[in-house]
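S.K.: Have a look at this one.
The values are calculated or read from the model by the stated rules, or taken from the named source; none is laboratory data. The structure displayed is predicted, hence computed values, not measured ones. Heads up, the Cβs are rebuilt from the backbone with ideal geometry, glycines too, and the neighbour counts pull from every protein chain shown. Side chains are part of the model used for accessible areas, which takes the heavy atoms of the whole protein and leaves out ligands, DNA and RNA. Shrake-Rupley method; radii C 1.70, N 1.55, O 1.52, S 1.80 Å.
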Amino acid sequence: MSFNSYLFVFVFFPLCMAGYHILSRVYPRALKLWLIAASAVFGACGSLPSLGLFAVTMAVNYGLLRLILRRQKTCPGEGGSREEAGASAGERPEISRAVRWAVFTGVLFNLAVLGGFKYFNFFAGTVYSLLGRDYIARHILLPLGISYMTFQQISLLVDASRGELGGELRADDYVLYTLYFPKLLSGPIAGFGELRAQFGELAERSRVDGETFCRGAALFIMGLAKKCIFAAWAQNAVNYVYANIPALTFGEGVIGMLCISFTVYYDFSGYCDMGQGISRMLGLSLPVNFRSPLKTWNIVGYWRNWHITLTRFMTKYVYIPLGGNRRGRGRMCLNLLLIYLLSGLWHGANMTFVLWGLLNGLLYIPVKLWLDRRGGARDDFGRLLSPVKRAAGRIGNLLINSAIFVPFMASSVGETGAYFRAMGTSAAAAFAAGRPAELLALHPAFLEVFRTDELWYALKAARLASYAFAPYLCLAVIFGLLAGTAFFAKEARAIAEKGRLRARNGVLLAGLFVWCVCTFSQVMTFIYTNF
Amino acid sequence: MMREQREKNNTEKTASMPAQAKKRAGTDNPRRAAAAFFITAFLLLGAAAGAVFVVDPFFHYHAPLDGFPYVIDNQLAQNPGMAAHMEYDSVLLGSSMTFNYDMSWFREELGLHTLKLSYSGAYPRDIYNISKIIFDSKSDADGVSSVKRVFLGIDVFSYMADTEDIKFPIPEYLYDDNPLNDVNYLLNKDVLFQYVARPLFDPEPTLLDQVYTMSWLTEEDYSEEKVLAGYVPSERAAEETPPDAYLANTAANMEKNICPFIAAHPETQFTVFFPPYSILFWNDVLLENHLEATLAEYRLIAEKLLVYDNVELFCFPLETEITTGLDHYADYTHHSPEVAHLLLRYMETGRDRIDSVEEMDAAIDALREMALEERRSLREANSENRY
């Protein structure tokens, strides 16, 4: 079950909310249990075996956590909280060997689970390939949300060893933190401390006033629209370009690349907005994961505002322990490259993701070095630049990041190469023929991708359908909405927070909601002449 | 008391705000916004579901409405509804090899009201799925069916699939009796926009007689030149596939997916035919080195069918005048509507009918000889040894 499903919108969500808010008034002590049960049902509807696996991993992790905390209590000074160890601010208490072993075991266990379920076929296939042998992939269940689950458990173990949990570890808090359904499948990677404090105040927080609830609902609906409408529009173009690589023109390649960026951005940020919106309706809050990354003017700013919690995790638990930037510039560059390679691999079990990570790292490092040398205040969005430089920077940054995204959506490294080769061939042919305008040539079938059902009716109503420019108009409208929203619109969070709660907006949101609901199911079409 | 406290807090907050913010705060009305949201959403969802239910473009609930310009172009979605709610006394089942049959021929020449319920690339399980709906909805309480005749095209290659395999994922909600999952149909933008609203804006109703025909192909597309231009021979296989390699699955498919309907409905005549693929198909069979395994499948299927009195079996690959004339084809398998019409006439006259396993054995010998002979001719005609 995902947020954009009939089951969630019409059954799970209303029941969950109704039960939650009734308990909030009648028996607040059961709120945590209610959320745990709801989260378990949510997880089970997605995949019952996944839930079973999570139960096992939670049992192991919780046991290790209790071991760590018990060790710290019985041996003060050996880890534990800073106050217990008498450490001053900024000074981390020494961690005992037993605690280190517990953390090491836990990290290894979690990585083994992740590796076994997600990466076994990838690693085995790579080894077989290097040995020049064929590998038949095994059918292995991929538990939903396992990547997020793993990172959250690792962060919990490490934070516990450093005395950074911010209080005792209750079993119900731990289970709810792990399974909390608004973040279960696609994050954000929330720290335990971020949520534990809120869980402790559930009775008060659950008494959500009408305004907060409405704003949470508005955020949920806007997130739904980003995923179901915007991401879907962009995905149509992405599907086309990958299915037609040999015939790809330069123009189609560029638009396709940009649509890849839009697809990933709207899909992922939309899902995060939905999780945040649901949490608001529950009186809770999740960490922000996106802050208009497509408005940034360089890759460093981009990654500061894209999948923020992943960057935060990698920085805190990988980059800094490796030395960060404290061991010289060369080591810093190596650490950064490693971070991006790991990030790439974390996203998927395929060399294309490793390539994506590598390209990010190779671009990130020189830009970071340049920005560090340049100095000045942090300015991710180019507000300190002139309007021309800001626009050029934003467009250039989007183009570069979009190009880097090509392997992210490709099925193989070869397909990535073929994509760019096709673009190059098309461009070379255009220049060789002395017709550079052909760089912008687009096949009718590609343009057709942008003629959505909604636009079909709009063109009919405006009596423009029969004009030759009609397909280009559709491209302009769809692409304009995708790019315009990404570049100029306020974030959904800001709109939800500051928008007017009026009847008119209620009507608009209802229209948007119904539009999204009607996209949950599609009619499959296919080519007739398959044998 | 909590509410009073909140209102007091709000009042105190408002009192300390600048005037413009006060004005803005004063116009915010969560209750009214929520009421507007729910009423609008309810009305819109109701309208969407209602429109789909009333028009019912996939015939999931009722027969077509008179006068509505239905578009019928989606086998996976519309076949089950057509089978359940349309009027017919016979059906045409099979893969895209049955697409070019015109239902008016059945009506005018055979006096049958035939409905085409084919699926592109149909596997035996696809045939089972639609057959179940046909016979469940057209049988009385005693299980006697009103379906007089089933015309079934069998593509042997599909019968080596697993008995549960289907060619494409089907919209389960249109194939089962679960009303709860009908939400996938009733609140579906594609259904609403493409099958309810668009026919009203741009009426181009599908004629049932020509449903699913390859109407995008013109006479010029059926030509040897075009067939050969688009033909890519299979990779040569060094090792011959054992003759019994496909038999287990073929037998299982016949026993599970096809024969139960024949056995359960002796009142229905099953006219089963093997479509005539072109010689290029047989060329591929030889290149892939599984001629005997393929012929063994033909024999097994015939064996399974000929035990039933209500089956007549036709072996059209024997029509070498058709199969060797690539001008009859649009590609290496799909023949023209003219050939389809001819085959229907053969089904009526009994030409190429197989009445016994012995006759099937003779047919198989003829097919073997034909395949080898035609491949020799093909290679001689094409000196670059492409074939």
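S.K.: I need to check one value: relative contact order of chain B, counting alpha carbon pairs closer than 8 Å and at least 6 residues apart, in percent.
M.R.: This gives 18 percent for chain B.
S.K.: What nm value, rounded to one decimal, do you get for the distance between residue A:481 and residue A:97 when each label is placed 7 Å out toward the C-beta?
M.R.: 6.5 nm
S.K.: Any idea of the total accessible area buried by the B-A contact, 1.4 Å probe, rounded to 100 Å²? Could you put the intermediate results ahead of the total?
M.R.: Details: alone 19830 and 25610 Å², together 41310 Å².
Buried area between the two chains comes out at roughly 4100 Å².
S.K.: To the nearest Å, what is the center-to-center distance of the range B:323-364 and the range B:101-155, using C-alpha atoms only?
M.R.: Each part reduced to its Cα centre gives a spacing of 20 Å.
S.K.: Still on this structure: Using a 1.4 Å probe on the protein chains only, how many percent of the accessible area of the range A:370-471 belongs to carbon and sulfur?
M.R.: On the range A:370-471, the fraction of accessible area on carbon and sulfur atoms equals 64 percent.
S.K.: Of all DSSP beta bridges in the protein assembly as shown, what percent run antiparallel (nearest 5)?
M.R.: 25 percent
S.K.: In terms of solvent-accessible area of protein heavy atoms at a 1.4 angstrom probe, what is the ranking of A:469, A:262, highest value first?
M.R.: Final ranking, largest accessible area leading: A:469, A:262.
S.K.: For residue B:314, list long-range residues whose amide hydrogen, built 1.01 Å from N in the peptide plane, is under 5 Å from its own amide hydrogen.
M.R.: Long-range HN contacts for residue B:314: B:272, B:273, B:274, B:354.
S.K.: Only Lys, Arg, Asp and Glu count, each charged at its Cβ (+1, +1, -1, -1), so figure out the dipole size of the protein assembly as shown about its Cα centre, rounded to 20 debye.
M.R.: Numbers: 84 positive and 92 negative charges, 1839 e Å.
Charge dipole, the protein assembly as shown, about its Cα centre: 8840 debye, nearest 20.
S.K.: Something else now. Suppose accessible area is computed on protein heavy atoms with a 1.4 Å probe; arrange A:139, B:85, B:334 from highest to lowest.
M.R.: Largest accessible area first, the residues go A:139, B:85, B:334.
S.K.: Name the residue, out of B:214, B:103, B:360, whose mean-square fluctuation peaks in a Gaussian network model built on chain B with Cα pairs under 10 Å.
M.R.: The residue that fluctuates most here is B:214.
S.K.: For the pair residue A:10 and residue B:144, how long in nm is the line joining their label points, each one 7 Å along Cα→Cβ?
M.R.: The answer from the label model is 4.1 nm.
S.K.: Once each part is reduced to its C-alpha centroid, what is the distance from the range A:191-228 to the range A:11-44 in angstrom?
M.R.: The range A:191-228 and the range A:11-44 have Cα centres separated by 14 Å.
S.K.: Could you give the length gained on full extension between residue B:338 and residue B:109, defined as 0.36 nm per residue of separation minus the Cα-Cα distance, in nm?
M.R.: Taking residue B:338 through residue B:109 to full extension adds about 81.0 nm, to one decimal.
S.K.: Between residue B:236 and residue A:399, what is the label-point separation in nm under the 7 Å Cα-to-beta-carbon projection?
M.R.: Inter-label distance under the simple model: 5.1 nm.
S.K.: Distance between Cα centroids, the range A:266-310 to the range A:104-182: provide it in whole Å.
M.R.: Between the Cα centres of the range A:266-310 and the range A:104-182 lies a distance of 22 Å.
S.K.: Can you tell me the relative contact order of chain A? Whole percent, Cα pairs under 8 Å, sequence separation 6 or more.
M.R.: 16 percent
S.K.: Still on this model: Quick one: work out the % antiparallel among DSSP beta bridges in chain B, nearest 5.
M.R.: So the antiparallel bridges amount to about 20 percent of the total.
S.K.: Please compute the average number of Cβ atoms from other chains found within 10 Å of each residue's Cβ in peptide A:508-519. Don't skip to the answer; put the middle values down first.
M.R.: On the way: counts 3, 6, 11, 4, 1, 5, 11, 3, 1, 8, 13, 4.
Across A:508-519, the average partner-chain Cβ count within 10 Å equals 6.
S.K.: Give me, ordered by chain and number, the residues 5 or more places off residue A:519 or on other chains with an amide H under 5 Å from its own placed amide H.
M.R.: B:189
S.K.: Next up: Relative contact order for the range A:242-397 using alpha-carbon pairs under 8 Å, separation at least 6, rounded to a whole percent?
M.R.: Working: 125 pairs, mean separation 35.6, N = 156.
Reported as a whole number, the value is 23 percent.
S.K.: Using just the helices of the protein assembly as shown, give the 222 nm mean residue ellipticity in deg cm²/dmol: DSSP H runs with n ≥ 4 each add -39,500 (n - 2.57), and the total is spread over all residues, rounded to 500.
M.R.: Computed mean residue ellipticity for the protein assembly as shown: -18000 deg cm²/dmol.
S.K.: Also: Would you mind getting the accessible area per residue of the protein assembly as shown, heavy atoms of the protein chains only, 1.4 Å probe, in Å²? Present the calculation step by step, with values, prior to reporting the outcome.
M.R.: Numbers: 41310 Å² over 918 residues.
About 45 Å² of surface per residue is accessible.
S.K.: While we're looking at this one, here's another question. Just reorder B:232, A:413, B:91 by solvent-accessible area, largest first, 1.4 Å probe, all chains present.
M.R.: The ordering from most to least exposed comes out as B:232, A:413, B:91.
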